[in-house]
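Colleague: Supplied in structure tokens, the structure appears directly below.
The values are calculated or read from the model by the stated rules, or taken from the named source; none is laboratory data. Predicted model only: the values in this text are computed from it and were never measured. Quick reminder, even Gly has a Cβ in these numbers, built from the backbone with ideal geometry, and neighbours come from all protein chains shown. Surface accessibility is based on the protein's heavy atoms, side chains included, excluding ligands, DNA and RNA. Shrake-Rupley method; radii C 1.70, N 1.55, O 1.52, S 1.80 Å.
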Amino acid sequence: LLSRASVLSASLRNMEVVEAVALALQALMEGQMQLHHPTKDQPTLNLYIKNVRHRGGLLLSKGCEAVALLAGFPSDHAVTQAAREYGLNLGMSYQILKDLRVTEGNYAKLLDKIKKESASKSGVSYRPKELEGPLQFAGPLLYAAVLFPGLDDMASRGFGNVSDVLHARSLIERCQGVEGIRRLAQYHAASALEALAVLPESEAKDGLAMLVHYTLEAEQPRLVRANYALDGKFAEPSTKSTSYYAAMMQAEELAKRELYGALDRLSDVAWTSMLEVKDTLVRSVLGIKDRASTDISTLHKIAVREAVLLYGKAVKVETVQQYVNAQGMLRVSAMAVEKMLHEEIQWQLRNGIETAEDIEQLAARPPQQTREA
């Protein structure tokens with residue numbers, strides 16, 4: 001297809017169009033080569049965005065530019081520039097969401113394999129890079145690495161086991177990495193629509209705008225050729241695709257249950273009564289005078305907060321579980337810790353909490369200035 005595009009562009013005898021198509025093909029090949037490098041060669045979110053620009057953005061950008069040039073507009077004309085910006089942002093939005101869909105699909109497959117491994121006596125072996133693939137080659141991990149720099153090191157050396165993969169995924173969820181990447185795609189989609197403002201009102205312009213909205217649809221069904229009949233009518237995909245994310249979330253919970261269940265079995269299960277609990281970093285902030293009379297769930301949440309302040313937001317679930325159980329309170333499961341840890345970090349991120357002093361300042365604010373927890 002690409003070679004055919006090159007031949008056809010050359011047949012136009014328009015050097016500007018030939019150059020535009022050649023640059024698009026060059027950028028596409030460079031982007032594809034970068035994609036297969038290890039994560040350590042692409043340590044930042046900015047470099048991932050640059051890669052997306054090469055793989056998806058410039059191809060559509062140069063294609064749209066070529067159309068404007070063939071229509072007789074100079075390369076520096078406002079219409080040509082608008083066409084270029086529209087194609088660039090539409091291509092980036094599409095590529096970001098496509099990468100995300102592929103990555104989430106690979107992650108779902110890995111979770112399914114983990115589930116089968118837990119039910120097998122002999123276990124399941126993993127191919128080289130199989131543990132890395134579901135998380136390394138798309139934006140959420142690099143998005144999360146902005147907040148958790150340790151993710152770069154973890155991904156570059158390779159995930160040694162399933163526990164490492166689930167921990168990396170947990171860090172992505174704590175900072176809402178998947179949602180952050182979707183917002184990035186939405187930003188480029190909005191930029192594509194903004195570029196269309198230069199063009200006169202027409203049916204073609206409405207079609208270009210509709211294409212942007214199709215790009216943002218879940219699973220992008222209207223951009224899949226197989227979903228169209230021979231007469232061009234769109235056929236709704238099966239319900240299987242609509243329940244994809246729900247199935248993945250269920251598989252993820254099962255995988256975590258197996259992993260955390262093993263952690264629970266290794267931990268001491270002899271906690272049967274409340275003991276006197278030592279003072280903590282946030283005791284004065286929360287006004288707790290007698291922790292023995294406080295609800296058990298609240299005590300657990302307090303201990304989780306202390307652990308995050310002590311070990312950082314990238315702390316592993318098992319570390320927090322050990323800390324909570326070591327406080328002398330009723331034992332808490334790893335699954336419960338994982339849920340409380342996610343809620344606590346989301347609260348800290350919303351309120352800019354890094355230290356116990358930040359909590360004190362938050363508590364001292366007037367009620368109307370304090371964000372909802």
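Colleague: If you scan region 42-52, which residues turn out to be out of contact with any Leu (no Cβ under 7 Å at 6 or more places or on another chain), modelled with pLDDT of 65 or more and open to solvent by 20 Å² or more (accessible area, probe 1.4 Å)?
Modeller: 46, 47, 49, 50
Colleague: Now, a different point. Tell me yes or no: at least one residue of region 33-41 is modelled with pLDDT under 75, within 20 Å of the chain's Cα centre (by Cα) and of a type in the set (A, V, I, L, M).
Modeller: yes
Colleague: Can you list the helices (runs of 4 or more DSSP H) lying wholly within region 300-373 that have 3 or more residues being under 17 Å from residue 170 (Cβ atoms) and modelled with pLDDT of 85 or more?
Modeller: Fully inside region 300-373 and qualifying: 317-326, 334-351.
Colleague: Checking residue 209 against (1) modelled with pLDDT under 85; (2) open to solvent by less than 40 Å² (accessible area, probe 1.4 Å), only one condition comes out false. Which one?
Modeller: All conditions pass for residue 209, except number (1).
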